[in-house]
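Throughout, read-outs are computed from the coordinates displayed, never taken from laboratory work. Note that the structure is a prediction, hence the values are computed from the model and not measured. In this analysis, Cβ positions are derived from the backbone assuming ideal geometry, glycine residues included, and neighbour counts consider all displayed protein chains.
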Amino acid sequence: VAHFLFSDDYDNQLQNLINSELKRQQDTERRIAEQIQAKAQQEIDALKAQMDKERIDAQKKAQEELVKAISEAKKPQQQSSQPVNIIDGDMKYSVTVTMEFNSKDMDVEKLKEATMRKFEKAGFKSVASVNIEKVAIGRPQTKSVSTDKLMVADGSLF
């Protein structure tokens, strides 16, 4: 230290010492800032990875639920005498179709079977039943009819 204090070049050496200490402090601050930035980036990357994993898991779960719902919808519906738990918003629809035509007398069971085949061929797989009512048409009867009970005679409705 003595040679430093009593040196002819004291001011220059002191300035060099101060400059080297300032440079060392700046280097230390820079390294600390880089470490903080690297740690923050790691935390951001980890958070992004977690969010991506959660998003992917949610998408997979939604896809699985959709596939399950589609496969359930494709299964034939079984009629049950027990009430079914219905989720709010779910609806069951029953469609009634009435068709009338005139024809000679035919076998009702064969007509039912043919009708079911036509519906299936058209893509209606959930037809629960077909009801065929055979109604005779013709000229009105000439016999008297009680107004309390409608009596059908000779295949006529009147």
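Assuming 0.36 nm per residue, please report the length gained on full extension of the stretch A128 to D11 beyond their Cα-Cα distance.
Values: separation 117, 0.36 × 117 = 42.12 nm, distance 10.67 nm.
In short, 31.5 nm is gained.
Pairs from the list K68/K134; K61/K121; K61/K92; K53/K125; K74/K104 with a Cα-Cα gap above 31 Å: K68/K134; K61/K121; K53/K125; K74/K104.
In Å, what Kirkwood hydrodynamic radius results for the range 1-75 from the alpha-carbon pair distances?
Numbers: mean 1/r = 0.0547 Å⁻¹.
Kirkwood hydrodynamic radius for the range 1-75: 18.3 Å.
With a Förster radius of 41 Å applied to the C-beta separation of D90 and Q37, the computed FRET efficiency comes to 0.15. Working note: Karplus 6.51/-1.76/1.60 with θ = phi - 60° gives the range 11-16 the couplings 4, 5, 5, 5, 5, 4 Hz, where Gly and Pro are set to x.
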